[in-house]
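Q: First the structure, which I've put down as structure tokens, then a few questions once you've had a look.
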């Protein structure tokens, strides 16, 4: 019994045994009116005692289960792992029954299905076969089902939880100490950042790593100006658009190719978005902002622990919680870290405490589960790349080709040689006439990617996100296969 | 029984009746071994039946309580009002026992007291009588105790809750539909914004209203540039510092007094921060950004419903959740609303879904409770102003004076004539020698306010926040009284 109770789900189920108790209650109410011989009375007493023991057992089970979930687990968790006794979302109707297995429901609108792509109808019951599959955004819904099946990871926020602007008891009043600690532990567990850097660098958090890109730009250009901003093509668009948007061209200018003597800030994304290549800086004297959003074992072999001066990370690509908006930076230079905090403090007065607390809960969950979400994503990403490679290999004359992937390497996390499985496919149209590859893929393949131009590259290229839901990836791959084999 | 169960707390307490059941269990185990006459057997049976009924009742109570909290209430709430069965924070040790009634504990560090100001020690057991009371920040901890006593308002977030960047089912994918709806209902309930504006204006949300100040600046200057930014003294500092920080002086410049022909953006805060005055624009042709953070019935009589083209609001000043980071703007012009969304989307890719969901829960709680947090704050703010006025009136020759308050007015929310009770005291040093009023108050009064210079005013002025915890306000008022009556 005790081992069974240690499993939270089982303990929880026994809390509301409506049918079982109802039946016994009816039996009980007839028992006192029975009249008969002494032996039958003894039988009755025995029956009552058995019933009593049974009921007592129920009560004991409930008390133990209740005690278990109250005394163990992580604070803030609603589920059996935490200090509550029920996971809210388990009481939502099952999306598989309501939404025909083709959609999800959320607590804010518990009867309204959010249909997977290409499914329509109030219950997502119909497939729109002629639909266009949107693989434009890097929306990491690949993780959605994983979390849907883990309602025990639901988080509680008390209404009085750190309502003020700052964390009064923290060394750094802008960051929840438990989050700082959990993030550093995560890197130690995965091994993608060198231990002395994990312990020694300053940790700056932002409202998503997007805010930290701006913080790095502003911080570096406030320390020293003017700055020339650059990145090698193809690059993630916001490195180029953010300095343009802030429009302060007297403190920073973008150049594809910096001139000699320019005081350069170079963005290096490795693995690169969009093409997955392992980049190195092009400008030897530049201040380098390393965007390490994809340097995790589900995207690439962790071939060495990083030790760079400025590295950006984001929760969205490791747990899928893009909407939570949490990114972090490891910063060696104290003055730069302070400038980056100044930006976060000035532009949004810090990062939502709710986001910080939820991120803490999710990262702690990963720590307890040996990086389980990454293991899930790694397996799924390997499957996706095998499928894409098979489609390309099977095509007689591929109209689009996949980017060449980096070679297999020994991964420090897995302890074995692994193939990369990057977050994006970087397609190139091979037909000379297919000049606008994005348009061709959309009109003839019903696949909407992102135009290579958004990455500073030619329009012969299109980026396809591979981070959609599994069902959606299957539709994408079917469409890609049909596009590659128009005769069939 | 049913009415008692409708009270969540009582239902919840019966879930873990450890002591009661333990006692009965012991009685039961001795019962079967009792031997005696038939009457004593019948007594035993009767005893067993009574026990049985008692236990059955316990079970029924538990089942009903469990069913109650599962089937009613708001989705996402952990407490008895929601779909969970336990409010996480009720299982935290009581801060009043752990922290001597002089501190609070939070779920992220459930054994570490965060002491109120001027209290020290691991259990906040000692008062540091010579301490300086910090009334600088407008940190709205006045609401902390209110929420501490309302653990039923705890929120659950399922781990799969809208993990993607956008709300797929929403008209505007950047804002949770339930939040949009709750905020509009709140204004209708309070009556501080005209119903046709509540229904007709575009709602833009931001990571706190700070982000919306930038969004308004950027939006207005992206629509038309260059812009001259201004506000009447004394003004809230960030109106001045944010355009300076973004440093793009070719699209916007600050001027205390705009020149003829300038294309002006004027910030009007009414009631004003710092002095509580009901401001009107100074520049008739300006685009006006109305900061209405304090136009709520706990700070000022709601003398008319507003209908301005651009109005900013923030959750922090109405529920106290400053750390949650949520602000909103009502925007009449569609093009401006889109530019403001563009800023929020560009700088942080939107607002944390966790913050949006928690804000939804808090505003819905207010709606169900007839604006209860505002009623709480109104009563407390009235008390604070009565105390301050009494201190000023009792002083023989006040060394500092309070700002004159706006006259009493009929309030649409209260339905009666009310005095204003603004969020800040705007003190003026009266002695000619007290040139640096902030320094005088700090060194001779042990009160740390904010220098008038931060508001574009003279250093004869100091702003004191009145939004601290009740205990802290009492210390502040004692210190102010002592400062005003040095002879006593």
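Just so you know, all these numbers are worked out from the coordinates, no wet-lab data involved. These numbers come from a predicted model, not from an experiment. Note that we place each Cβ from the backbone using ideal geometry, even for glycine, and neighbour counts take in every protein chain shown.
Q: Give the separation of the Cα centroids, region B:164-195 to region A:424-484, in Å.
A: After rounding, the separation between the Cα centres reads 36 Å.
Q: Based only on the alpha carbon positions, what is the Kirkwood hydrodynamic radius of region A:283-391, in angstrom?
A: Taking the inverse mean of 1/r over all distinct Cα pairs, region A:283-391 comes out at 16.1 Å.
Q: Relative to the other copies, what are the label-point distances for residue B:389, with labels 7 Å from Cα along the C-beta vector, expressed in nm at one decimal and sorted shortest first?
A: So the distances to the same position in the other copies read 7.9 nm.
Q: Along Cα-to-Cβ, 7 Å out, sits the label point; list in nm, shortest first, how far the one on residue B:94 is from those in the other copies.
A: So the label point of residue B:94 gives 4.4 nm to the other copies.
Q: After finding the eigenvalues of the alpha carbon gyration tensor for region A:372-484, what semi-axes result from the square roots of 5 times each, listed largest first in whole Å?
A: Rounded to whole Å, the semi-axes are 26, 15, 14.
Q: If each label sits 7 angstrom from Cα along the C-beta direction, how far apart, in nm, is residue B:407 from its counterparts in the other copies?
A: 8.6
Q: Here is a follow-up. Rounded to the nearest 5, what is the percent of antiparallel bridges among the DSSP beta bridges in region B:177-368?
A: 40
Q: Moving to a separate point now. R0 = 60 Å: FRET efficiency of residue B:379 with residue A:412, Cβ-based, nearest 0.05?
A: Calculated transfer efficiency: 0.50.
Q: So what is log10(I(q)/I(0)) for region B:197-266 at q = 0.19, 0.26 1/Å, when the Debye sum runs over its Cα atoms only?
A: -0.79, -1.22
Q: Can you sort A:324, A:402 so the residue with the fewest Cβ neighbours within 10 Å comes first?
A: With the sparsest Cβ surroundings first, the list reads A:402, A:324.
Q: Give me the percent of Cα-Cα pairs in region A:177-368 that sit more than 21 Å apart, rounded to a whole number.
A: When every Cα pair of region A:177-368 is considered, 48 percent fall beyond 21 Å.
Q: What relative contact order, as a whole-number percentage, does region B:367-488 give when Cα pairs under 8 Å and 6 or more residues apart are counted?
A: It comes to 25 percent, rounded to a whole number.
Q: Expected output is a single nm value to one decimal: the length gained when fully extending between residue A:250 and residue A:443, i.e. 0.36 nm times separation in residues minus the C-alpha distance. What is it?
A: 65.2 nm
Q: Can you tell me the FRET efficiency between residue B:368 and residue A:111 if r is taken as the Cβ-Cβ distance and R0 is 25 Å, rounded to the nearest 0.05?
A: 0.80
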